[in-house]
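The values are calculated or read from the model by the stated rules, or taken from the named source; none is laboratory data. Since the structure is predicted, the reported quantities are computational estimates derived from the model, not experimental observations. FYI the Cβ positions are ideal-geometry reconstructions off the backbone, even for glycines, and counts take in every protein chain you see.
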Ligand code: FES
(Lines give C-alpha, C1' and ligand atoms only; values in the text may rest on other atoms or scores of the structure.)
Protein backbone atom coordinates (compact mmCIF):
# COMPACT_ATOMS: atom_id res chain seq x y z
CA UNK A 1 0.00 0.00 0.00
CA UNK A 2 1.41 3.43 -0.84
CA UNK A 3 1.97 5.97 1.89
CA UNK A 4 -0.90 8.40 1.87
CA UNK A 5 0.08 10.83 4.55
CA UNK A 6 3.72 10.57 5.56
CA UNK A 7 3.87 13.80 7.57
CA UNK A 8 1.32 12.73 10.14
CA UNK A 9 2.20 12.44 13.84
CA UNK A 10 1.51 9.26 15.87
CA UNK A 11 -1.12 11.21 17.77
CA UNK A 12 -2.92 12.22 14.58
CA UNK A 13 -2.84 8.65 13.35
CA UNK A 14 -4.29 7.40 16.64
CA UNK A 15 -7.03 9.99 16.34
CA UNK A 16 -7.86 8.86 12.79
CA UNK A 17 -8.10 5.29 14.04
CA UNK A 18 -10.39 6.37 16.85
CA UNK A 19 -12.64 8.36 14.47
CA UNK A 20 -12.76 5.36 12.13
CA UNK A 21 -13.79 3.04 14.97
CA UNK A 22 -16.59 5.42 15.87
CA UNK A 23 -17.74 5.56 12.25
CA UNK A 24 -17.78 1.76 12.01
CA UNK A 25 -20.32 1.44 14.81
CA UNK A 26 -23.65 0.27 13.47
CA UNK A 27 -22.24 -1.35 10.32
CA UNK A 28 -22.39 -5.12 9.96
CA UNK A 29 -19.07 -6.81 9.27
CA UNK A 30 -20.01 -7.61 5.66
CA UNK A 31 -17.87 -6.78 2.67
CA UNK A 32 -20.94 -5.26 0.95
CA UNK A 33 -20.75 -2.49 3.54
CA UNK A 34 -17.33 -1.40 2.37
CA UNK A 35 -18.44 1.54 0.20
CA UNK A 36 -20.92 3.03 2.71
CA UNK A 37 -18.26 2.62 5.40
CA UNK A 38 -15.66 4.40 3.27
CA UNK A 39 -18.13 7.22 2.57
CA UNK A 40 -18.89 7.60 6.26
CA UNK A 41 -15.24 7.58 7.31
CA UNK A 42 -14.32 10.07 4.60
CA UNK A 43 -17.23 12.24 5.74
CA UNK A 44 -15.66 12.37 9.22
CA UNK A 45 -11.99 12.65 8.28
CA UNK A 46 -12.21 14.48 4.96
CA UNK A 47 -10.17 11.71 3.30
CA UNK A 48 -9.10 8.12 3.80
CA UNK A 49 -5.71 7.84 5.47
CA UNK A 50 -3.83 4.56 5.53
CA UNK A 51 -4.62 3.85 9.17
CA UNK A 52 -8.36 4.26 8.50
CA UNK A 53 -8.16 1.78 5.62
CA UNK A 54 -6.31 -0.70 7.85
CA UNK A 55 -8.93 -0.31 10.55
CA UNK A 56 -11.72 -0.91 8.04
CA UNK A 57 -9.95 -3.96 6.58
CA UNK A 58 -9.58 -5.45 10.07
CA UNK A 59 -13.22 -4.75 10.87
CA UNK A 60 -14.47 -6.45 7.68
CA UNK A 61 -11.82 -9.16 7.92
CA UNK A 62 -10.56 -8.52 4.39
CA UNK A 63 -7.04 -7.73 3.14
CA UNK A 64 -5.89 -4.07 3.24
CA UNK A 65 -5.27 -4.22 -0.48
CA UNK A 66 -8.98 -4.87 -1.17
CA UNK A 67 -9.89 -1.66 0.64
CA UNK A 68 -7.14 0.27 -1.12
CA UNK A 69 -8.29 -1.12 -4.49
CA UNK A 70 -11.82 0.19 -3.98
CA UNK A 71 -10.59 3.57 -2.71
CA UNK A 72 -8.38 4.09 -5.74
CA UNK A 73 -11.04 2.84 -8.17
CA UNK A 74 -13.69 5.40 -7.27
CA UNK A 75 -13.13 9.11 -7.87
CA UNK A 76 -15.22 10.07 -4.88
CA UNK A 77 -12.56 8.86 -2.46
CA UNK A 78 -9.52 10.91 -1.46
CA UNK A 79 -6.17 9.53 -0.33
CA UNK A 80 -4.81 12.90 0.71
CA UNK A 81 -6.17 15.36 3.26
CA UNK A 82 -8.21 18.21 1.80
CA UNK A 83 -6.46 21.56 1.62
CA UNK A 84 -7.96 24.75 3.03
CA UNK A 85 -8.68 25.76 -0.58
CA UNK A 86 -9.73 23.50 -3.40
CA UNK A 87 -8.63 23.94 -7.00
CA UNK A 88 -10.49 21.98 -9.69
CA UNK A 89 -9.18 22.39 -13.20
CA UNK A 90 -11.78 21.70 -15.88
CA UNK A 91 -10.61 19.45 -18.67
CA UNK A 92 -13.97 19.11 -20.43
CA UNK A 93 -13.99 19.45 -24.23
CA UNK A 94 -14.37 23.25 -24.40
CA UNK A 95 -11.71 23.84 -21.75
CA UNK A 96 -9.43 21.29 -23.35
CA UNK A 97 -9.75 23.12 -26.69
CA UNK A 98 -8.96 26.44 -25.01
CA UNK A 99 -5.77 25.20 -23.35
CA UNK A 100 -7.04 23.44 -20.23
CA UNK A 101 -3.86 21.35 -20.06
CA UNK A 102 -1.72 24.50 -20.15
CA UNK A 103 -3.77 25.81 -17.24
CA UNK A 104 -3.35 22.49 -15.43
CA UNK A 105 0.40 22.65 -15.97
CA UNK A 106 0.48 26.16 -14.55
CA UNK A 107 -1.36 25.00 -11.40
CA UNK A 108 0.93 21.97 -11.09
CA UNK A 109 4.03 24.12 -11.30
CA UNK A 110 2.82 26.88 -8.98
CA UNK A 111 1.49 24.51 -6.33
CA UNK A 112 4.16 21.87 -6.90
CA UNK A 113 1.64 19.03 -6.75
CA UNK A 114 -0.15 16.70 -9.15
CA UNK A 115 -3.91 16.22 -9.49
CA UNK A 116 -5.29 14.36 -6.46
CA UNK A 117 -2.63 15.80 -4.14
CA UNK A 118 -2.47 18.44 -1.42
CA UNK A 119 0.32 20.96 -0.85
CA UNK A 120 2.57 20.13 2.12
CA UNK A 121 1.28 23.16 4.04
CA UNK A 122 -2.26 21.83 3.39
CA UNK A 123 -3.23 25.17 1.90
CA UNK A 124 -4.42 23.81 -1.48
CA UNK A 125 -5.65 20.56 -2.92
CA UNK A 126 -5.93 20.16 -6.64
CA UNK A 127 -7.75 17.88 -9.04
CA UNK A 128 -9.22 17.82 -12.53
CA UNK A 129 -12.92 17.78 -13.34
CA UNK A 130 -15.09 17.27 -16.40
CA UNK A 131 -17.29 20.09 -17.75
CA UNK A 132 -18.67 22.30 -14.98
CA UNK A 133 -21.19 24.04 -17.24
CA UNK A 134 -19.48 27.38 -17.93
CA UNK A 135 -17.94 26.49 -21.29
CA UNK A 136 -18.19 30.04 -22.63
CA UNK A 137 -15.63 31.05 -20.01
CA UNK A 138 -13.17 28.29 -20.93
CA UNK A 139 -10.61 27.50 -19.70
CA UNK A 140 -12.30 27.25 -16.32
CA UNK A 141 -10.90 26.45 -12.89
CA UNK A 142 -13.25 26.05 -9.94
CA UNK A 143 -11.62 27.59 -6.89
CA UNK A 144 -13.37 26.92 -3.56
CA UNK A 145 -16.53 25.97 -5.48
CA UNK A 146 -16.51 29.23 -7.47
CA UNK A 147 -15.93 28.86 -11.22
CA UNK A 148 -13.23 31.22 -12.45
CA UNK A 149 -13.24 31.89 -16.20
CA UNK A 150 -10.41 32.45 -18.69
CA UNK A 151 -7.88 30.95 -16.33
CA UNK A 152 -4.69 31.24 -18.34
CA UNK A 153 -1.36 30.82 -16.51
CA UNK A 154 -1.15 34.53 -15.62
CA UNK A 155 -4.61 34.30 -14.08
CA UNK A 156 -3.36 31.35 -11.98
CA UNK A 157 -0.68 33.68 -10.63
CA UNK A 158 -3.31 36.33 -9.93
CA UNK A 159 -5.56 33.93 -8.02
CA UNK A 160 -2.65 32.68 -5.93
CA UNK A 161 -1.47 36.22 -5.26
CA UNK A 162 -4.95 37.15 -4.00
CA UNK A 163 -4.84 34.20 -1.57
CA UNK A 164 -1.36 35.18 -0.44
CA UNK A 165 -2.45 38.75 0.24
CA UNK A 166 -5.52 37.54 2.10
CA UNK A 167 -3.33 35.33 4.28
CA UNK A 168 -0.92 38.16 5.00
CA UNK A 169 -3.80 40.38 6.12
CA UNK A 170 -5.15 37.61 8.35
CA UNK A 171 -1.71 36.90 9.86
CA UNK A 172 -1.25 40.59 10.55
CA UNK A 173 -4.66 40.87 12.22
CA UNK A 174 -3.91 37.81 14.35
CA UNK A 175 -0.50 39.08 15.46
CA UNK A 176 -2.03 42.49 16.33
CA UNK A 177 -4.78 40.94 18.42
CA UNK A 178 -2.42 38.65 20.38
S1 LIG B 1 -15.70 22.14 -20.64
FE2 LIG B 1 -14.94 23.32 -19.00
S3 LIG B 1 -16.72 24.33 -18.34
FE4 LIG B 1 -17.45 23.10 -19.95
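Structure summary
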{"item": "Residues of the range 160-178 satisfying the condition of being surrounded by 15 or more Cβ atoms within 10 Å (Cβ to Cβ) and more than 15 Å from residue 106 (Cα to Cα)", "result": "163"}
{"item": "Pick from the range 124-147, criterion touching a strand residue (DSSP E or B) at 6+ places or on another chain (Cβ under 6 Å) and within 10 Å of the ligand (Cβ to nearest atom), ranking: farthest from residue 93 (Cα to Cα)", "result": "142"}
{"item": "Test for residue 3: is it part of a loop (DSSP other than H, G, I, E, B), modelled with pLDDT under 95, outside the structural domain of residue 122 (by TED's automatic domain parsing) and at negative phi", "result": "yes"}
{"item": "Enumerated helices (runs of 4 or more DSSP H) restricted to the range 42-104, each holding at least 2 residues that are within 14 Å of residue 23 (Cβ to Cβ) and touching a residue at least 12 places away in the same chain (Cβ under 8 Å)", "result": "50-60"}
{"item": "Residue ID - nearest to residue 8 (Cα to Cα), chosen from residues in the range 137-146 that are in contact (Cβ under 8 Å) with a residue 24 or more places away in the chain and surrounded by fewer than 18 Cβ atoms within 10 Å (Cβ to Cβ)", "result": "144"}
{"item": "The range 150-159: number of residues that are within 15 Å of the ligand (Cβ to nearest atom) and surrounded by fewer than 16 Cβ atoms within 10 Å (Cβ to Cβ)", "result": "2"}
{"item": "Matching entry among 132, 151, 156 (being assigned to a loop (DSSP other than H, G, I, E, B) and more than 26 Å from residue 72 (Cα to Cα))", "result": "151"}
